Amino acid sequence: MPLNLSVKLGPLELATPLLTASGCAGYGVELERYQDLSCFGGIIGKSISREPRLGNPYPRTAETPAGMLNAIGLQNEGYEKFVQGTLNKMRAFNTKTIVNVVGHDFEEYVWLVERFDSEAGIAALELNLSCPNVKGGMKFATDVGECERLVAACRAKTRLPLIAKLSPNVTSIAEIAKAAERGGADILSAINTYVGMSVDWRSKKARLGNITGGMSGPAIKPLALRNVYDVRRASKLPIMAIGGISNADDVLEFMVVGANAAQIGTILFVEPDAGAKILHDLKGKLIDAGVSSPAELMGTLQGPERTNVVA
Ligand SMILES: Cc1cc2nc3c(=O)[nH]c(=O)nc-3n(C[C@H](O)[C@H](O)[C@H](O)COP(=O)(O)O)c2cc1C
């Protein structure tokens, strides 16, 4: 059987199961010199808001063992400038364009989704429900009722595939996943960053201007795996896994616990050509394992059902 790397996530078909994670590769432009962007099934750009945002005070990133903290604060050029310039560049890539949207409030999300629905060349919209680095930015990701209400309102404004991006900073990601599904999301993406901090004890100062920030990278991979596993057991929706994915084995591990595709983020800061490398290795590993399509691996985790939530 020849290898077929394409994946179908409900209404969204991707030529490969790899995507860029929002905020980790700008809008794809800088990545082009490192690899043919067709290695990605889709490019997901940094979150776009209605108005331009300047973001948080510096410093905005801090390195940690096996990962990084960031508190960019959703700096972006805003809807108007994005559709007039950057979106055209994204549309010209040899891969699908996925726009990630974020709002200060309910109305801003709905406004953005309605506008993007009428733009040509967008394959899907991802709702950044969680923004741990922005004041008041968490309620849609942490409150079951608010999440369902927002996803339903966005659903009513678009026919584009709608991806709800979940936060791990919750008591039960399964409950939020179910709320997003009830609201009408087509796909779930999990996870966004974990809230963390880093301190220099000599200067007695936090290393981030915002004090706290979002933790990402290999350090969060086991945590992300557990979240994706929980989301898979709670919902039948297709899942894009995110969190510390740095090589082909990581992608395959997430598929075994139930993911249909994988977004790569922090690894791109270390290896900007990670997309091409991971895809190349993924092909080899699937062929060696006698697997003809990534979908064959989805949710194949063996062993007893987990009974307790706490380890
Ligand atoms: C510098 C940076 C900026 C980010 N900006 C966004 C963003 O604008 N919108 C969003 O939904 N997620 C954003 N994220 C979260 C990533 O998309 C991803 O969910 C997270 O980093 C975990 O994946 P990783 O460990 O592969 O980086 C950002 C992450 C980083 C490191």
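The values are calculated or read from the model by the stated rules, or taken from the named source; none is laboratory data. Source: prediction; values computed, not measured. Cβ coordinates were reconstructed from backbone atoms using ideal geometry, including for glycine residues, and neighbour counts include every protein chain displayed. Accessible surface areas use protein heavy atoms only, side chains included; no ligands, DNA or RNA. Shrake-Rupley method; radii C 1.70, N 1.55, O 1.52, S 1.80 Å.
Quote the FRET efficiency, to the nearest 0.05, computed for ASP143 versus ILE287 with a Förster distance R0 of 45 Å and r equal to the Cβ-Cβ distance. It comes out at approximately 0.50. Could you please state how large a percent of the accessible area of the chain is carbon and sulfur, counting protein chains only and using a 1.4 Å probe? Carbon and sulfur atoms account for 54 percent of the accessible area of the chain. May I ask you to list the residues of segment 35-75 whose amide nitrogen lies under 18 Å from a point 7 Å from Cα along the Cα→beta-carbon direction of LYS205? Zone members listed by number: 56-64, 69-72.
Each of the trypsin sites (Lys or Arg not before Pro) that DSSP puts in a loop and that has at most 15 other Cβ atoms within 10 Å breaks the chain; the longest unbroken stretch is 34-134. What percent do you get for the relative contact order of the chain when only Cα pairs under 8 Å and 6+ apart count? In percent, rounded to a whole number, it is 20.
Antiparallel as a % of all DSSP beta bridges within segment 7-297, to the nearest 5? Don't jump to the answer; show the numbers that get you there.
Values: 17 of 43 bridges.
Counting DSSP beta bridges with both partners in segment 7-297, the antiparallel share is about 40 percent.
Can you list the residues of segment 179-200 with backbone N under 19 Å from a point 7 Å past the Cα of ARG159, pointing along Cα to Cβ? From segment 179-200, the list is 184-187.
What are the semi-axes of the equivalent ellipsoid for segment 25-130, taken as the square roots of 5 times the Cα gyration tensor eigenvalues, largest first, in whole Å?
Details: eigenvalues 97, 84, 28 Å².
Working through the eigenvalues yields semi-axes of 22, 21, 12 Å.
Hydropathy first: keep DSSP H helices in the chain averaging at least 0.0 on Kyte-Doolittle, then drop any whose Cα extent along the axis falls short of 18 Å, and list what survives. Long hydrophobic helices here: 274-288.
Ranked from largest, the principal axis spans of the Cα set of segment 161-263 equal 49, 31, 23 Å.
Once the chain from LYS89 to ALA120 is taken as fully extended at 0.36 nm per residue, the excess over their C-alpha distance is 9.9 nm. The solvent-accessible area of ILE211, taken with every protein chain present and a 1.4 Å probe, is close to 90 Å².
Output the direction-averaged projected area (hull surface divided by four) of the convex hull of the alpha-carbon atoms of the chain, in nm². Let's see the in-between values first.
Working: hull surface 63.6 nm².
So the mean shadow area of the Cα hull is 15.9 nm².
Residues whose amide H falls under 5 Å from that of SER189, counting only those 5 or more places apart or on a different chain, are ALA164, LYS165, LEU166, MET240, with hydrogens built in the peptide plane.
A 1.4 Å probe run over segment 7-297, with the rest of the protein chains in place, finds 40 Å² accessible per residue. Taking amide H as placed 1.01 Å from N in the peptide plane, the amide H of ILE48 sits under 5 Å from that of ASN100, VAL101, VAL102, each at least 5 places away or on another chain.
Lys and Arg at +1, Asp and Glu at -1: add these up for the other residues within a Cβ distance under 13 Å of ASN260 and post the number. Combined, the nearby Lys, Arg, Asp and Glu give 0.
For segment 206-311, the Kirkwood hydrodynamic radius from C-alpha pairs, put into Stokes-Einstein at 20 °C and a viscosity of 1.002 mPa s, yields a diffusion coefficient of 143 µm² per second.
The Cα center of segment 214-251 and the Cα center of segment 51-94 differ in position by 22 Å.
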